Amino acid sequence: MSRPRPSSLLRLAACVLALVLCGCASMVNRASQRLADDLTAGILDQDDPALARDGIPAWLLLVDGLIQGDPQNADLLMAGSRLYGAYAGGLVEDATRAQRLSARSFDYAQRALCIRLPALCSRLDAPFEAFQAALAHADKNHVGALYTLASAWAGRIQANSADWKAIADVPRVQALFERVVALDPAYADGEPWMYLGVLATLRPASLGGQPEQGRADFEKALELSGGRNQMVRVLYAERYARLVFDQALHDRLLHEVLAADPHAPGLTLINVLAQQRARALLESGAAYF
């Protein structure tokens, strides 16, 4: 039997090495994504907002490093976007910092969308009709990327609420949330409906708002979350009940928030912050109504 030539052995070794390296890279990518997801989950389950506020910046730097090492990992980008968004939206009081951090959240979400749905990515700044046409091609496989972008975009608008150019993007954000619930009505335990409720109650009916649609959206969000997401009740009270001057509903919702156990998987930090906000709204309610 003839021996393999050295060149054949080299080619075989190169093929084996390539397969091993590809497998290792895939394992590292999955490990990085899992780490980012676990970090986000751990923070959202924290019941001490001060500890979360102090600790999150270190994790943000870690996630930034993971993304630099794997910039085409859409799942990792979405995890980074969610983490930056949660920090900027709930734990940062300085307006300039919130703008900067929400911009990073949006950047990561947009980059993830460009990987998952490049046709829509190229139409984000196009005329609204072209944007809608591209969005219509998104399917259920794209729901995660669509929701991450929509929530990050909403956070960026909130952080830049004095900028009319940012506010002009509201219809695009609403269209993204509407596409998410059309594709998967129960996605994220109803959180997209909560956002839709806020968007519908930005203005009173006399100025083109849709408060009753907003009420229906908040009720849907409560139903799908099993009543566990207390921020839904807070926003329901703040955005709808105050808009229509329904003090009885306002106070009932806020007292339900305060009576609830805030501990719920993936919602604990949000619920603790919701209870803090509920107390403030109840205190200011007497003067408002």
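The values are calculated or read from the model by the stated rules, or taken from the named source; none is laboratory data. The shown structure was predicted, so the numbers you read here are calculated from the model rather than taken from an experiment. Every residue, glycine as well, gets a Cβ built from its backbone with ideal geometry; the counts of neighbours run over all protein chains shown. Areas reflect the complete protein model, heavy atoms only, side chains present, ligands, DNA and RNA absent. Shrake-Rupley method; radii C 1.70, N 1.55, O 1.52, S 1.80 Å.
Scanning the stretch 126-163 for residues that are at pLDDT below 95 and of a type in the set (D, E, K, R) turns up just one, Asp163.
Considering only residues that are part of a helix (DSSP H, G or I) and at pLDDT 90 or above, look in the stretch 23-51 and name the one that is farthest from Asp94 (Cα to Cα). Before you say what the answer is, go through the steps one by one.
First pass over the stretch 23-51, keeping only residues part of a helix (DSSP H, G or I): 23-44, 49-51.
Now drop any that are not at pLDDT 90 or above, which leaves 49-51.
Details: Pro49: 16, Ala50: 15, Leu51: 18 Å.
Looking at residues that are part of a helix (DSSP H, G or I) and at pLDDT 90 or above, I get Leu51.
Remark: pairs (first residue in the stretch 67-79, of a type in the set (D, E, K, R); second residue open to solvent by less than 10 Å² (accessible area, probe 1.4 Å) and at pLDDT below 95; Cβ separation under 7 Å; 6+ apart in sequence or on different chains) = Asp70/Leu76.
Would you confirm, using the coordinates I've provided, whether Asp125 is of a type in the set (Asp, Glu), open to solvent by 10 Å² or more (accessible area, probe 1.4 Å) and either assigned to a helix (DSSP H, G or I) or touching a residue at least 24 places away in the same chain (Cβ under 8 Å) (or both)? Working first, answer last.
On the way: of a type in the set (Asp, Glu): yes; open to solvent by 10 Å² or more (accessible area, probe 1.4 Å): yes; either assigned to a helix (DSSP H, G or I) or touching a residue at least 24 places away in the same chain (Cβ under 8 Å) (or both): no.
The answer is no for Asp125.
Results for (1) touching a helix residue (DSSP H, G or I) at 6+ places or on another chain (Cβ under 7 Å); (2) open to solvent by less than 20 Å² (accessible area, probe 1.4 Å); (3) of a type in the set (Asp, Glu), shown as yes or no for each residue.
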| site | (1), (2), (3) |
| --- | --- |
| Gln213 | yes, no, no |
| Ala216 | no, no, no |
| Ala237 | yes, yes, no |
| His255 | no, no, no |
| Arg277 | yes, no, no |
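Within the stretch 204-247, the set of residues being in a loop (DSSP other than H, G, I, E, B) and more than 22 Å from Leu282 (Cα to Cα) comprises Gly208, Gly209, Gln210, Ser225, Gly226.
Would you confirm, using the coordinates I've provided, whether Gln158 is part of a helix (DSSP H, G or I), open to solvent by 30 Å² or more (accessible area, probe 1.4 Å), touching a residue at least 60 places away in the same chain (Cβ under 8 Å) and of a type outside the set (A, V, I, L, M)? Break it down stepwise before answering.
Values: part of a helix (DSSP H, G or I): yes; open to solvent by 30 Å² or more (accessible area, probe 1.4 Å): yes; touching a residue at least 60 places away in the same chain (Cβ under 8 Å): yes; of a type outside the set (A, V, I, L, M): yes.
It is true that Gln158 is part of a helix (DSSP H, G or I), open to solvent by 30 Å² or more (accessible area, probe 1.4 Å), touching a residue at least 60 places away in the same chain (Cβ under 8 Å) and of a type outside the set (A, V, I, L, M).
Between Ala103, Ala109, Ala86, Ala98, which is assigned to a helix (DSSP H, G or I), of a type in the set (Gly, Ala, Ser) and more than 10 Å from Ala152 (Cα to Cα)?
Numbers: Ala103 fails: more than 10 Å from Ala152 (Cα to Cα); Ala109 fails: more than 10 Å from Ala152 (Cα to Cα); Ala86 fails: more than 10 Å from Ala152 (Cα to Cα).
From the options Ala103, Ala109, Ala86, Ala98, the qualifying one is Ala98.
Taking the criterion of being among the acidic types (Asp, Glu) and under 30 Å from Asp38 (Cβ atoms), the only residue of the stretch 247-289 that qualifies is Asp261.
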